[in-house]
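Some notes on the structure that comes next.
None of the figures in this text is laboratory data; all of them are computed from the coordinates on show. Computed from a predicted structure; not experimentally measured. Please note: Cβ atoms are built from the backbone with ideal geometry, for glycine as well, and neighbour counts cover all protein chains shown.
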Amino acid sequence: MSLTSPAVSAPVSSTPRQPLSRWFTFRARLPLTLTFSLGLVAWLLFLLGWHLLATAGIAESALLPSPAKVLTALWDLLTQRDFGLDILQSLKRIAFSFALALAIALPLGLTMGAFPPVESFFNALVSPLRYLPAPSFVPLLLMWLGTGDSQKITLLLLGVVFFLITLFMDNTKSVDPAWVECARTLGARRSKLLWRVIFPAALPHYVDTARQMLAVSWTYLVIAEIVAATDGIGAMMMRAKRFVKVDEIMAGILVIGLLGLACDLLIRLIHHCAFRHLR
């Protein structure tokens, strides 16, 4: 007679976990190949739906061109109409206006987030100005600055600078107070606290905020370039409107989207390389 007790088998789950379930876990990391594949499928479905809608006869082909016609129009614009120069001009306006917005918003957002008296003074002005639509300034800018690049760059600046100031202020406030107290205990003065502790700690958030607000700047590009403009993507789209060239208008929209995506990916790459310790 055996004195050993029989082994107790482990309970078997009646509902084994499926491989797909881990992909839908909250904040789960997907493999890079899966992320790329899902994005590719989304774009293919979008283009297929666009093609089917354009060829279904719901609207005239001149008013709703297919993706192939839009790509053909884009090729013609680039090869026969010097559209590349328009793209370069728009890129210059975006780059200069956004750099100017950063130069204004970053020091203000940093000091407003670090020092309550500075926040109380400037926030009384910045908060209401955020709710003013930038296109409403167009008549004033035309009277004050004329129809040149100054008017367009100022409009692009007004579209993002007040939001940047507020968001940079919030980024500064998100710095862990323990780091500030530790540096203060070690004898760091106010200027060193600001530039050696608070600024480096908030810098990754500043870069991410700038990436998001750059997308907003692109949305104002056409508005800035439709008024008495002779070059730029928006000017090309307005010329196409006069002759009901919907395929060229959609080609301009496509280029703006691609340029914005390229800028977004570039800033993501900079963030990834500069702040590897955050991964």
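Couple of notes before you dig in:
- Linear extension gain, residue 26 paired with residue 253, 0.36 nm per residue minus alpha-carbon span: 78.3 nm
- Among 25-31, 183-189, 61-67, the peptide with the highest mean count of other Cβ atoms within 10 Å heads the list, and the full ranking is 61-67, 183-189, 25-31.
- Close Lys pairs in the chain, defined as Cα atoms under 28 Å apart and 8 or more places apart or on different chains, number 8.
- Cα lying deepest toward the dipole's positive end in the chain, options 63, 154, 24, charges on Cβ: 24
- Note on segment 67-278: with charges restricted to the Cβ of Lys and Arg (+1) and Asp and Glu (-1), its dipole about the Cα centre is near 360 debye.
- Counted as membrane-span-like here are DSSP H helices of the chain whose alpha-carbon atoms extend 18 Å or more along the helix's own axis and whose Kyte-Doolittle mean is -1.0 or above; these are 32-55, 67-80, 83-114, 116-129, 149-173, 199-219, 246-274.
- Think of each Lys and Arg Cβ as +1 and each Asp and Glu Cβ as -1; about the Cα centre, that makes the dipole of segment 212-279 roughly 180 debye.
- For segment 136-206 versus segment 210-279, the spacing of their alpha-carbon centroids is 23 Å.
- Residues 164, 40, sorted so that the one with the fewest Cβ neighbours within 10 Å comes first: 40, 164
- Taken over the chain, the convex hull of the Cα atoms encloses 258 Å³ per residue.
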